[in-house]
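The values are calculated or read from the model by the stated rules, or taken from the named source; none is laboratory data. Since this is a predicted model, take the numbers as computed values, not measurements. Cβ placement follows ideal geometry from the backbone for every residue including glycine, while neighbour counts extend to all protein chains displayed.
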Amino acid sequence: MFRALRKPDVLVTTLAAAGILMVTMGVRQSLGLFVNPLMLSTGLGIATISFALAVGQFAWGAVQPIAGGLADRFGPRAVLIGGLVTMALGSAITPFMTSGFGLVVSLGLLSAMGSGAASFSVLIGAAARRLPAVAHGSAAGVINAGGSFGQFVFAPILQKLIQTIGWMGTMWTMALVTLAALPFVGQLTKQAEAPVKHVGPDSGVLKAVGDSLRNSSYLLLHAGFFTCGFHIAFLVTHLPGEVNLCGLPPSVASWSLAIIGLANIFGSLYAGSCVARYRSKYVLAVMYGSRALLIAGYLLMPRTPLTYYLFAAGLGFTWLATVPPTAAIVGKLFGVRYLATLFGMTLLSHQLGGFFGAYLGGLAITRFGDYGWMWYADMTLAALAALVNLPIREAPIVRSLASA
């Protein structure tokens, strides 16, 4: 199913993008492991720390269309390098921050914006402009799987580092690892003739953005992706707290996050193949609907390590696997010329949901002492997301292209 990726230049481009995402998402999706250490070290409350991470969720999304626009206009190389350096700086200065404002600056702005500039919109856009159309779906799945592999690798390693060298040393280690991803940028952006030729008049990015915002299918896609962000941000920020409430050791949370990442490797690859065989809107509807069912099942099960591992495996299969079909719909609606910008805007909606998922989780535990109402809200939003994707007007799959 990944026949289109067998050419060496195509494979190198795809793996380079996947390598960058492995680092940026692996680090980012593991930040929930630092909540309790930060509380103990700084004396700050969980609501304050949750707010800083919630700002990070929004900032990660807000920078996506900006970074995408710069990459579309000037090329992705400088954007990716700047993003990785900024992300490393955010991790490096976090141990010196002892106030809520300081954490907003380091984790909420610098780390998040750097990660966002070296994330999905720029990476998928850069790859799409260098790859033949037949490879787009499979490449997006592999790139996405790179982010999931990063979560699988980073979560247990970072948890072990926190226990051995402390959270501060772990933050500095994360900064060095982020800088180690810089060589991948050269592989992804080295000079080569792009296989994608843009024909017809180019009316500019602002016109493309204006046209997209008048497209009802694009707006429905945003609504569903908002829910995806709410769901993911709530879990990566507060799953360690949920595990702690149940009296289970921190290793259960770190291994649950790792299992989510492992399962999503397979989910992302499968989603990439589904893009070539089914309409992406149906793929998204099934993914969101399955999340509602899994949360309902979790609420009915006893809180044991096995429950969390099974729950993580089920959720992980669709965790970030929503990215390939979402990017595919954007590409079908508007083409790839401004894909980084327009897909970046959908990621902004995703992270607006992420802000509420992270912050409201902190408010819920402070007000009610548990996350009960958040689980109900998450389940309801997942069901609604499944429904809003169905009216999207998406062109039928072209079978000859998919099998080329």
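Observations on the model:
Conditions (1) of a type in the set (S, T, N, Q); (2) in a helix (DSSP H, G or I); (3) over 19 Å from PHE225 (Cα atoms), marked per residue:
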{"position": "ALA112", "(1), (2), (3)": "no, yes, no"}
{"position": "LEU123", "(1), (2), (3)": "no, yes, no"}
{"position": "GLY141", "(1), (2), (3)": "no, yes, no"}
{"position": "VAL153", "(1), (2), (3)": "no, yes, yes"}
{"position": "LYS160", "(1), (2), (3)": "no, yes, yes"}
{"position": "THR173", "(1), (2), (3)": "yes, yes, yes"}
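- The test for being in contact (Cβ under 8 Å) with a residue 40 or more places away in the chain, under 15 Å from the mean Cα position of the chain (by Cα) and farther than 30 Å from ALA47 by Cβ holds for ALA327.
- Residue within region 214-226 that is modelled with pLDDT under 85 and of a type outside the set (D, E, K, R) present: no
- Candidates ALA52, ALA71, filtered to the one that is free of Cβ contacts under 8 Å to residues at least 60 places away in the same chain and within 19 Å of the chain's Cα centre (by Cα): ALA52
- Yes/no for SER99 being crowded, with 24+ Cβ neighbours inside 10 Å, out of contact with any Leu (no Cβ under 6 Å at 6 or more places or on another chain) and among the polar types (S, T, N, Q): no
- Residue satisfying all of: in region 1-18; surrounded by fewer than 22 Cβ atoms within 10 Å (Cβ to Cβ) and modelled with pLDDT of 80 or more; nearest to ALA180 (Cα to Cα) among these: LEU15
- Members of region 215-243 found to be over 27 Å from LEU390 (Cα atoms) and touching a helix residue (DSSP H, G or I) at 6+ places or on another chain (Cβ under 7 Å), listed by number: VAL236, THR237, HIS238, LEU239, PRO240, GLY241, VAL243
- Residue within region 56-70 that is over 21 Å from SER268 (Cα atoms), assigned to a helix (DSSP H, G or I) and touching a Pro at 6+ places or on another chain (Cβ under 7 Å) present: no
- The sole residue among LEU315, LEU352, LEU306 that is closer than 30 Å to ALA47 by Cα, surrounded by fewer than 21 Cβ atoms within 10 Å (Cβ to Cβ), of a type outside the set (Lys, Arg) and within 19 Å of the chain's Cα centre (by Cα) is LEU352.
- Output for region 256-282, where each listed residue is among the hydroxyl-bearing types (Ser, Thr, Tyr) and buried (at least 23 other Cβ atoms within 10 Å of the Cβ): SER256, SER268, SER280
- For region 204-248, filtered to residues that are touching a Pro at 6+ places or on another chain (Cβ under 9 Å) and closer than 26 Å to THR318 by Cα, the residue that is surrounded by the fewest Cβ atoms within 10 Å (Cβ to Cβ) is SER216.
- Of the residues making up region 84-107, not a single one is modelled with pLDDT under 85, at negative phi and part of a helix (DSSP H, G or I).
- Any hit, region 191-201, residues being touching a helix residue (DSSP H, G or I) at 6+ places or on another chain (Cβ under 8 Å), modelled with pLDDT under 90 and not β-branched (Val, Ile, Thr): yes
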